[in-house]
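The values are calculated or read from the model by the stated rules, or taken from the named source; none is laboratory data. Note that the structure is a prediction, hence the values are computed from the model and not measured. A quick note on method: Cβ atoms are made from the backbone with ideal geometry, for glycine too, and the neighbour counts reach across all protein chains shown. Just so you know, the surface numbers come from the protein's heavy atoms only, side chains and all, with ligands and any DNA or RNA stripped out. Shrake-Rupley method; radii C 1.70, N 1.55, O 1.52, S 1.80 Å.
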Amino acid sequence: MPLKDYTGIVERLQQTLGKGFAEEPWIFNMPGKSIACKIDHYYYIAVMPAFAEQLGRLGGMFPDQVMEALVKTGNCITAAPQREPVLPLSVSWGGRVVTVKAAFVDADFIDRAVKTYGGLGSVLNVSELKINGEDRVKVETLFKGKTAPQNLAYF
């Protein structure tokens, strides 16, 4: 059985994500509406399962194939041994606080998609979405041994 070309899959996902962003720029950085919001210069919080489903539709793949490719290439953060990328997190924006199922996606994956394939002249700014400080331990456990989100990601 041949090995999967995860790098090629990620490249295809970036191309289709960039094109999707060019058509519907609200898919990023509009808390409450977007599938992912940039929380610091390193990470986006992706709302699950909406992120994987939308990316799958754009890329012509099943959501589990999308997540497998993102996890295997390190573009979606997981912790050993279970490798589960989704955490329930309390997040806030504009005075609203909600709990979401979230995954952390490497900012470079999305920023490269919108800049290279979405026609954006630069990377996206950090959004107003913030993680509840009470969830910090949960987040840092997921990021053990990796660069965790910066302080500006929390309220």
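Working from Cα pairs under 8 Å separated by at least six residues, relative contact order for the range 6-153 is 31 percent. Using a probe radius of 1.4 angstrom, the carbon and sulfur fraction of the accessible surface of the chain is 54%.
Could you tell me what percent of the DSSP beta bridges with both partners in the chain are antiparallel, to the nearest 5? Each step should come with its number before you reach the end.
Numbers: 18 of 20 bridges.
Bridges in the chain are about 90 percent antiparallel.
Rounded to 0.05, the FRET efficiency of the LYS144 and ARG57 pair, given R0 = 22 Å and the Cβ-Cβ distance, is 0.10. In this simple spin-label approximation, TYR6 and SER92 carry label points 7 Å from Cα along the Cα→Cβ vector, and these lie 3.6 nm apart. One chain, two ends: GLN15 and ARG83. Fully extended at 0.36 nm per residue, the span grows by 21.9 nm beyond their Cα-Cα distance.
Do any of LYS101/LYS138; LYS33/LYS72; LYS19/LYS130 go past 20 Å between their Cα atoms, and which? If you can, show how the numbers build up before the last one.
Values: LYS101/LYS138 13 Å; LYS33/LYS72 28 Å; LYS19/LYS130 27 Å.
As for pairs spanning more than 20 Å Cα to Cα, those are LYS33/LYS72; LYS19/LYS130.
Sorting 83-91, 116-124 by average packing, meaning the other beta carbons within 10 Å per residue, from highest down gives 83-91, 116-124. Shape class of the range 6-153 from the alpha-carbon gyration tensor: oblate, with a/c at 1.5 or above and b/c at least as large as a/b.
A 1.4 Å probe run over the protein chains yields, for the chain, 52 Å² of accessible area per residue, whole-number rounding. Cβ-Cβ distance of ASP108 and ASN132, R₀ of 35 Å, FRET efficiency by 1/(1 + (r/R0)^6): the value works out to about 0.85.
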